[in-house]
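Below: the structure, in structure tokens.
A short reminder: the numbers here are calculations on the coordinates, not readings from a lab. The shown structure was predicted, so the numbers you read here are calculated from the model rather than taken from an experiment. Virtual Cβ from ideal backbone geometry, glycine too; neighbours counted across all protein chains shown.
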Amino acid sequence: MRQHGERWFGRTDGSVQGWVLVVILLTIVGGAFWLWIGSSWRDGTARSPTVREDSLPPGEEISVWFASPQEDALVSEQRRIPPGAMPIDRAKAALQALSAGPQGEAVRTLPAEAKVRELFIDGQGTAYVDFTEALSRNHPGGSWSEMLTIRSIMQTLAANVPQIKHVQILIEGREADTLAGHIDIRRPFATTWAGDQ
């Protein structure tokens with residue numbers, strides 16, 4: 001009996017020491033972690049891990065329309081906005097993304113300095129989009145370039161807010177004759193015109 005007990009303790013003595021070391025190491029690591037968390041709470045700084053963009057909630061996808069690299073058509077890029085946005089918020093977010101410019105190989109259709117001052121949609125589905133003067137003043141000109149600008153605005157709105165049936169472009173709160181001398185923008189455009197490329 002005694003011999004059996006000696007063999008048992010003799011065989012497990014090394015593993016008991018191993019377990020003791022594991023417990024000591026876990027205690028040290030746990031204590032260090034607890035001190036680290038406690039110090040971040042005391043000094044008011046949150047030490048949270050960096051959140052990867054692809055782990056964020058996806059939100060809603062919108063399409064923003066820019067000129068193709070050859071500038072012979074419009075191409076779309078996708079953006080994300082918070083889910084459940086109202087039509088007016090979707091329209092504003094889409095135009096802000098258009099104003100910010102493309103992220104891929106597409107070509108911007110609005111001057112970099114042009115911003116949306118205000119946007120509202122009336123009960124008949126006409127969107128009134130008021131741009132800063134830079135839309136006209138800094139436009140490169142040319143009838144084709146003007147057409148791409150107007151169509152990119154309209155296509156971006158029509159693709160993301162089906163309630164919009166017409167678009168009226170304003171400059172600094174007023175109707176303008178043209179953007180840069182070619183296409184008449186004094187009246188609202190039907191959004192169906194945006195798709196007639």
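A simple spin-label model places the labels of Asp177 and Glu105 4.0 nm from each other, with each point 7 Å out along Cα-to-Cβ. Projecting label points 7 angstrom from Cα along Cα→Cβ for Ser76 and Asn138 puts them 2.7 nm apart. Could you tell me the calculated FRET efficiency between Met86 and Thr192, based on Cβ-Cβ distance and R0 = 30 angstrom, to the nearest 0.05? Result of the calculation: an efficiency of 0.80.
Among His166, His182, which comes first, then next, by fewest other beta-carbon atoms within 10 Å? Don't jump to the answer; show the numbers that get you there.
Working: His166 21, His182 16.
In increasing order of surrounding Cβ atoms, one gets His182, His166.
Can you bin the range 53-195 into rounded, prolate or oblate? Criterion: square roots of the alpha carbon gyration tensor eigenvalues sorted a ≥ b ≥ c, rounded for a/c under 1.5, prolate for a/b above b/c, oblate for the rest. Could the numbers behind the result be given before it?
Numbers: a/c = 1.73, a/b = 1.25, b/c = 1.39.
Cα axes put the range 53-195 in the oblate bin.
Neighbour counts of other Cβ atoms within 10 Å put Asp130, Asp177 in the fewest-to-most order Asp177, Asp130.
Taking the Cβ of each residue in Thr109, Thr126 as the centre, tally the other Cβ atoms inside 10 Å and list the residues starting with the fewest. It would help to have the intermediate numbers written out before the result.
Working: Thr109 27, Thr126 17.
Starting with the residue having the fewest Cβ neighbours, the order is Thr126, Thr109.
What are the trypsin sites (Lys or Arg not before Pro) within the range 137-197 that DSSP puts in a loop, where the Cβ has at most 11 other Cβ atoms within 10 Å? Could the numbers behind the result be given before it?
On the way: sites: Arg137, Arg151, Lys165, Arg174, Arg186; in loops: Lys165, Arg186.
The qualifying sites are Arg186.
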